[in-house]
1. Taking the range 83-122 only, how many residues are without any contact (Cβ under 8 Å) to a residue 24 or more places away in the chain, charged (D, E, K, R) and in contact with a Ser or Thr (Cβ under 8 Å, 6 or more places away or on another chain)?
2. So which residues in the range 109-155 are assigned to a loop (DSSP other than H, G, I, E, B), among the β-branched types (Val, Ile, Thr) and within 19 Å of Val73 (Cβ to Cβ)?
3. Could you say which residue among Leu125, Leu138 is in contact with a Pro (Cβ under 6 Å, 6 or more places away or on another chain), in contact (Cβ under 8 Å) with a residue 40 or more places away in the chain and farther than 15 Å from Cys55 by Cα?
4. Somewhere in the range 144-154, is a residue more than 20 Å from His52 (Cα to Cα), of a type outside the set (Ser, Thr, Tyr) and touching a strand residue (DSSP E or B) at 6+ places or on another chain (Cβ under 6 Å)?
Amino acid sequence: MKGVSPAGNTAARRLKRRRPSLVGMTAALDARTAHETADEPSGGASPAGTEHVVCRLEDLEPFFGEAALVDGVQIALIRVPGDRIFAVSQRDDVAKAHVMARGIVGTKQGRPTLASPIHKQVYCLETGECLSQEGPRLQVFAVRVDDAGRVAVVV
């Protein structure tokens, strides 16, 4: 096109880009803190950290995990039936790898669980406690889903 600089085309392409869907893939999200998104109800930040909007509820499939990079911390988001969302550390300390979003979602004694995809240790999603053996716990993060379906994590 005559009269349009290559830089102008690049800027136009950037404006047209959509954020990739989280469904079926691991994504580093452009997480926004609650104070950066004043038009979005946030409920305030937790004293233990800052609340970050990371995705929409509809982006998460039940029984599957998604990884997110939130404020430099790798987390695994897990959705279970009843639209309950859990956020735990993406790092499996036993395997020494960031793989927990690819773990096996289940239940044990009525509690939602996540099994490591490598060595199969089973962790409680509510507490991070390892239920299958003595070992390190997963870090658990507070999660909130607002009325608009936005999922926020406190890191």
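Derivation of every value follows stated rules applied to the coordinates shown; laboratory data play no part. Keep in mind it's a predicted model, so treat the numbers as computed, not measured. When we count neighbours, we look across all protein chains shown, and the Cβ atoms used for this are built from the backbone with ideal geometry, even at glycine.
1. 1
2. Result: Thr127, Val155.
3. Leu125
4. no
One line per residue, one yes/no per condition, for (1) surrounded by 17 or more Cβ atoms within 10 Å (Cβ to Cβ); (2) among the acidic types (Asp, Glu); (3) not in a strand (DSSP E or B):
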{"position": "Val53", "(1), (2), (3)": "yes, no, no"}
{"position": "Arg79", "(1), (2), (3)": "yes, no, no"}
{"position": "Ala87", "(1), (2), (3)": "yes, no, no"}
{"position": "Ala101", "(1), (2), (3)": "yes, no, yes"}
{"position": "Thr107", "(1), (2), (3)": "no, no, no"}
